Every structure is written in structure tokens, then in C-alpha cells.
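Student: Got a structure for you, written out below as C-alpha cells; questions coming shortly.
The values are calculated or read from the model by the stated rules, or taken from the named source; none is laboratory data. None of the values given here were measured: they were computed from a predicted structure. Methodologically, a virtual Cβ is constructed for each residue, glycine included, from the backbone with ideal geometry; neighbour enumeration extends over all protein chains shown. The protein model used for the area step is the full one, side chains on, heavy atoms only, and it has no ligands, DNA or RNA in it. Shrake-Rupley method; radii C 1.70, N 1.55, O 1.52, S 1.80 Å.
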Amino acid sequence: MSKENVLQKLRVAVQNYDEDAVRIGAREALEKGLDPAESIQSGLMRGLLDVGERWNCGEAFITEVMLAASAFKAGLEILEPKVTEKGRSLKTLGRVVIGTVQGDIHDIGKSIVAVMLKAFGFEVQDLGVDVPSDRFIEVVKKSNPDIVGMSALLTTSMPEQKKVIERLGQAGLRDNVKVMVGGAPVTKSWASEIGADAYGEDAFEAVNKAKTLIAKR
Ligand code: B1M
């Protein structure tokens, strides 16, 4: 089976909410020597976005999106450790603290960004989802990371990114750390409006922007 076929198999398995097929496809990808990061990005993620598109068009129910997200995660559990192994073999480029902001429980995009950053050699502390601004401030104080990354998938949670930046300023920490924001509704102009240092459109861009931010420090 060709590489394209394996990626397609992963995509279709997520589209079908078939966790067993996702696990089989993920193991097959590893056995065939496919890049685990590419298997996530070009296989699993495409399947999830297909289901998201169907939801957007009113052709799928929220429960189907949740099933697709579970199938995605089943594959991520197999592929992520392999991505991380690669990352560990590289010199640490910098330390990143990342989370999805308060009021928002979308974790897939944030987790992919975290995995990719690890894959490219960053040390990543993932705070999870629905992270209050207090928690971001506490971790910046305690761990002194190079970058704070915030993901927001809801237009209603985007202002939380602004709040965290303001709170960093009030705590006298803003000059100590670079801030990167991302998530489907987030734009470059929103990032500059709220005073973030970088915006990542996708996981690969997030990695490139993180490298640039580190180079500027
Ligand atoms: Co939600 N949801 N959802 N959802 N969901 C969206 C975001 C939505 C656009 C769907 C829609 O209506 N068309 C919509 C938001 C509308 C808006 O605000 N404008 C929406 C809504 C409304 C909701 C609920 C309110 C629905 C409800 O309950 N009535 C609810 C919110 C709950 C809450 O958070 N409080 C909700 C719930 C859910 C599920 C639980 C069912 C599930 C999440 C499961 C999970 O994460 N474990 C879910 C899903 C899966 C989606 C869609 C379909 C897919 C999101 C996703 O995972 N995308 C989404 C529709 C869509 O986006 N097309 C939708 C794949 C992921 C890889 O992409 O997260 O964009 P993304 O991440 C990308 C980039 O954005 C970037 O890199 C990633 C990888 O390339 N990126 C960064 C992300 N973070 C970054 C950080 C960076 C840099 C780059 O630097 C730090």
C-alpha cells in the first residue's frame, strides 16, 4: 500500500468514526515508516476537518463531530509518542507553555500544535483546555518559559487571549515572555490588535513562528 493510500485510510477511518480502523491505520503508518507528524496532519486531521465541514453544512450532528474527535484521538495516542521521540533527539530550542483559553474546551488544534512543537525540538508544557488567565500567569511566574501559546476556537473565547496578555503586563511579566496566539477564528490582525508577538495559522506555521520568536530573544 502506498503512502498516499495509508494517509487516505486514516482520513476515511476518522470520517467513519471507526476507532479500530484508525488504530490499525496508525500502526500501519508507523510500520511502513511514514512520518508520524505527517500521518497526523495529512491523514487524521483531514478526516476530522471533513466531518467539521459536514457539520458546517448541517449534514452532521454534534455527536458525530464528537465521535470523529474520539477517533482522531485514538490515532493521536499511537502516533504522538513517535513524534515526541523524534523531538527528544533534537537539542531543545526553547520552552513553550500552551493551553486553550478559559471558556473553550476545543483541544485538538492546540494538541497538534503542542505535538509539532515537540517534534521540532521545543520543550512543551501543555496546560490543557479551559485554562483561566490566573493559571497562565502562575505558570509563567513559576516556569519562566520563552513562549506562551494560547489557542481559541470560539469567537466568544478570543477575548481571553487579550485578557492573558493584559494580565501579563499588570504582573510585570510581559517583557519576559513572547506570546503566540492561534485557533480557527484568530487572525493576524487580531493578534496584532491584542499585542501578541506572533500568530500561527496552522501547526507548521506555529513551529516556524516559535523558531523566529526564539531567534529574536
Ligand atoms: Co466546536 N465549534 N463547539 N466542537 N468545533 C467550532 C470551533 C465551530 C467553528 C463550528 C461551527 O459552528 N461551524 C463553532 C465556533 C463558532 C464560533 O465561535 N465562531 C463551534 C461551536 C459553536 C461549539 C460549541 C459552542 C457547540 C455547542 O455546544 N453548541 C461547543 C463549545 C464548547 C466550549 O468550548 N465551551 C463546541 C464543542 C465541540 C466538540 C466538543 C464537539 C468538538 C471538540 C472536541 C475536542 O476538541 N476534543 C468540536 C469540534 C471538533 C469543532 C470543529 C468541527 C473542529 C475543531 C477542530 O478540532 N479542528 C470546529 C469547526 C471548524 O473549525 N471547522 C468547531 C481541527 C483542528 C486541527 O483545527 O483547532 O483550527 P484548529 O487548529 C489548527 C489551527 O487553528 C492552528 O493549528 C491547528 C492545527 O493546524 N492553531 C494554532 C490552533 N491553535 C493554535 C495555537 C497557536 C498556533 C496555531 O499558537 C499558540
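Student: How much length is gained on full extension from Thr156 to Lys32, taking 0.36 nm per residue of separation minus their Cα-Cα distance?
Tutor: Contour length minus the Cα-Cα distance gives 40.4 nm.
Student: Continuing with the same structure: Could you work out how much longer the chain between Phe61 and Asp202 gets when fully extended? Use 0.36 nm per residue separation minus the Cα distance between them, nm to one decimal.
Tutor: Here the segment from Phe61 to Asp202 would lengthen by 48.2 nm.
Student: What are the extents of the Cα atoms of the range 120-189 along their three principal axes, in Å, largest first?
Tutor: 32, 29, 23
Student: For Thr100, what is the net charge nearby, where nearby means another residue's Cβ is under 13 Å from its Cβ and Lys, Arg count +1, Asp, Glu -1?
Tutor: That sum, taken over residues with Cβ under 13 Å, equals -3.
Student: Any of Lys9/Lys163; Lys9/Lys178; Lys82/Lys163; Lys32/Lys73 with alpha carbons more than 30 Å apart? Name them for me.
Tutor: Those over the limit are Lys9/Lys163; Lys9/Lys178; Lys82/Lys163.
Student: Next question, about the same structure. Rounded, prolate or oblate for the range 1-100? Axes are the square roots of the Cα gyration tensor eigenvalues, ordered a ≥ b ≥ c, and the cut-off for rounded is a/c under 1.5.
Tutor: It comes out oblate by the Cα gyration axes.
Student: Just add up the charged neighbours of Met45: K/R +1, D/E -1, any other residue whose Cβ is under 11 Å from the Cβ of Met45.
Tutor: That works out to -1.
Student: Go through 150-157, 30-37, 169-176 and give me the packing order, highest mean Cβ count within 10 Å leading.
Tutor: Result, highest mean first: 150-157, 30-37, 169-176.
Student: Please compute the contact order of the range 158-217 in relative form: average sequence separation of alpha-carbon pairs under 8 Å and at least six residues apart, divided by the residue count, as a percent.
Tutor: Averaging sequence separation for qualifying contacts and normalising by length gives 28 percent for the range 158-217.
Student: Counting only C-alpha contacts under 8 Å and six or more residues apart, can you give the relative contact order of the chain as a whole percent?
Tutor: Worked out over the chain, it gives 16 percent.
Student: Among the listed pairs Lys118/Lys216; Lys162/Lys188; Lys118/Lys142; Lys162/Lys211; Lys118/Lys209, which have their C-alpha atoms separated by more than 18 angstrom in this model?
Tutor: Long pairs (Cα-Cα over 18 Å): Lys118/Lys216; Lys118/Lys142; Lys162/Lys211.
Student: Dividing the Cα convex hull volume of the chain by residue count, how many Å³ per residue is that?
Tutor: Spelled out: Cα convex hull of the chain, divided by residues, is 114 Å³.
Student: Against the longest principal axis of the chain, how steep is helix 158-170, in degrees 0 to 90 to the nearest 10, with axes from Cα atoms?
Tutor: Long axis of 158-170 versus the principal axis of the chain: about 30 degrees.
Student: Take Glu85 and Arg217, extend 7 Å from each Cα along the Cα→Cβ direction, and tell me the distance between the two endpoints in nm.
Tutor: Roughly 2.8 nm, to one decimal.
Student: May I ask you to compute the full-extension gain from Ser143 to Glu193, defined as 0.36 nm times their residue separation minus their alpha-carbon distance, rounded to one decimal in nm?
Tutor: The Ser143-Glu193 span can extend by a further 15.3 nm.
Student: With the full set of protein chains in place, find how many percent of the accessible area of the range 40-157 is carbon and sulfur; take the probe as 1.4 Å.
Tutor: Exposed carbon and sulfur together represent 55 percent of the surface.
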